[in-house]
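The values are calculated or read from the model by the stated rules, or taken from the named source; none is laboratory data. All figures in this text were calculated on a predicted structure; none of them were measured in a lab. Backbone-built Cβ (ideal geometry, glycine too); neighbour counts: all protein chains shown. Only protein heavy atoms, including side chains, enter the accessible area calculation; ligands, DNA and RNA are left aside. Shrake-Rupley method; radii C 1.70, N 1.55, O 1.52, S 1.80 Å.
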Amino acid sequence: MFFKKRKIRNNKDKQAVTENSQDIGQLFAKAKKSSDFKQFPLTDESGHLIISYYNTLVDQQQLQLKILLIFRETPFKLDRLEKIDDIKKIIAIEDIVITDNRNEAESKLLKGYAILQMKENDQRVALILLSNDKAGLREQNNVENEFSVVGPQIGFLENIDVNIHLLRQQINTTDLITKEVNIGSTSNTRVIIAHIDGITSEQHVNTMTQRLQDIDFDVIFDTSQLHQFIEDNSLTPFPLLLPTERVDRAVQALINGQVAVLSSGSPYVITGPSTIIDYFISPEDYFLPWILGSFFRLIRICSVLFSIFGTSIYIAVITYHYEMIPNDLFGSLSVSRYNVPFPPVLEVIFLEFTIELLREAGVRLPTKVGQTLGIVGGIVIGQASVEAALTSNVLLIIVALSALASFTTPIYKMSNIIRFLRFPLILFASIWGGLGIVIGIAFLITHLTRLESLGTPYTVPFYPFRPEDLTDSLIRSSYSKTSKRPNYLRPKSILRYHPDNHKKKKSDFDE
């Protein structure tokens, strides 16, 4: 049995060798779909010495000094090159590989090598190392707003070429396709649409491309502007495309079958289609054991619910439904509000406004000063408000916990929505009590179910209900349960990996 399987594997190895020697022209045909792939002749128009490379992966200075300067700006005779192997005598670069293996050429091309051919149809090529090792240094692009304790801390920069370089470092395949469009009648801003060929739905790519091309605006400064132009519904406060500064989150989105948009001058990438649950998922969930990752995700979701409904429930109970308060708690609540001259709704609005004021002031000030202001201001104002009988102790605790709970949201734009939603619910609770909260929830759910992101329902997999996509929603299941990409993204390839392969290999070894 063991020798039979070994024979099968040998046959597969031979087949792989045959596939490796396929026409390199097919490699170039796939690579040309990306806007950052360059190919041109070095010497004359007859096609002698053709160079091919990814513009975002090679060092332009090395390319200019060690390649273009030799073949274009100084006298050069093609007689010195009888075969491609002679290139090592001309170019002063140590790492030059001569090969006719397509797989090796593809692998080197994606690592910052340039491919040099004598003629257009030559299969034997020279691979010249020109990689840009300085692109995306950690000290230049640390993550600031989406920080996580576990996992990489590399974020995007304002340089769009460096951002594409960072993506290609993680997605090492020519299937990563980049398409460039220029937007802005005055700024002529470079915008890149990235997706993985063979995974991402063509409909999503075409929809994103068409919406970007239809933009008629003078100056584009940031992807946040693009976000507002291309989202499905502009009459909603909810973000319908997910912005991120993290490279690993953008890579995860591309691998799942989403489309990414990069803009020159912006350190943020927007991905779509996105769903409501995507905004409460942290990349850290996937770097921890699935039990811990699920536990922290549930805490995050419960914190968001408490942040939205905590103060409104307090108003409804104190104003209309005080019979719901346990007897043991009723006394302490009565004492805390005994000297407060205002109704609960004015107490809540005063404290909520104070919290928002401190938060905005802390954001606008330098980091160290902002942190000091938030801590000292919160303690001083809170204590002074209680002593002055402007608010109660219990409400101060609830408002403080609601503010802390809103910080658990990984995406800044969604945390802003959570802060905003508290105020209409406070108003409804002050007018109709518990019924007002129910009305507010009904309006919120109805609005969410009507939203779409690139034509995909915003509340999927909960509505429309997709039980097969629940494995990575409220909880993060183990990797053996999440081998499939989400069905609602309509990917061309549903499987990300085969979770049972390691079991088969182990059984083969035992035999």
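Some observations on this one:
- Protection proxy ranking of 387-397, 122-132 - average other beta-carbon atoms within 10 Å, highest first: 122-132, 387-397
- Shown for the chain: the carbon plus sulfur share of the solvent-accessible area, taken with all protein chains present and a 1.4 angstrom probe, equals 59%.
- Net charge over other residues, Cβ less than 15 angstrom from the Cβ of ASN393 (K, R count +1; D, E count -1): -1
- Projecting the Cα atoms of LEU305, SER264, ILE281 onto the charge dipole of segment 193-350, computed from C-beta unit charges around the Cα centre, puts LEU305 farthest toward the positive end.
- Taken per residue, the accessible surface of the chain reaches 52 Å², heavy atoms only and a 1.4 Å probe.
- Here the relative contact order of the chain, from alpha carbon pairs under 8 Å that lie six or more residues apart, stands at 14 percent.
- Measuring against 28 Å, Cα to Cα, the residue pairs LYS32/LYS119; LYS83/LYS111; LYS32/LYS413; LYS33/LYS481; LYS32/LYS111 contain LYS32/LYS413; LYS33/LYS481 as the ones spanning a longer distance.
- Packing rank of 228-237, 57-66, where each peptide gets the mean count of other beta carbons within 10 Å, highest leading: 57-66, 228-237
- Between SER131 and ASP59, the built amide H atoms are under 5 Å apart, and every one of these is 5 or more places off in sequence or on another chain.
- Working note: Karplus 6.51/-1.76/1.60 with θ = phi - 60° gives segment 275-285 the couplings 10, 4, 6, 4, 7, 10, 9, 9, x, 5, 4 Hz, where Gly and Pro are set to x.
- Peptides 342-348, 109-115, 148-154, ordered by how many other C-beta atoms sit within 10 Å of their residues on average, highest first, read 109-115, 342-348, 148-154.
- The Rg/Rh ratio of segment 255-402, with both radii computed over alpha carbons and Rh defined as the Kirkwood radius, is 1.08.
- Check: the chain dipole with +1 on Lys, Arg Cβ and -1 on Asp, Glu Cβ, in debye: 1540
- Taken as Cα centroids, segment 82-98 and segment 292-320 sit 66 Å apart, rounded to the nearest whole angstrom.
- Potential lengthening of the chain between PHE423 and LEU470 amounts to 13.8 nm, from the contour at 0.36 nm per residue minus the alpha-carbon distance.
- Using C-alpha pairs under 8 Å with a sequence gap of at least 6, the mean separation divided by the residue count of segment 254-350 gives a relative contact order of 14 percent.
- The 3J(HN,Hα) values that the Karplus relation (6.51, -1.76, 1.60; θ = phi - 60°) gives for segment 50-63 are, in residue order, 8, 10, 9, 6, 8, 4, 7, 10, 9, 7, 5, 5, 5, 4 Hz. Gly and Pro appear as x.
- Taking label positions 7 Å along the Cα-Cβ direction at both LEU235 and ALA29, the computed distance is 4.8 nm, reported to one decimal.
- Here the chain is treated as an ellipsoid with the same Cα gyration tensor; its semi-axes, largest first and in whole Å, are 55, 27, 20.
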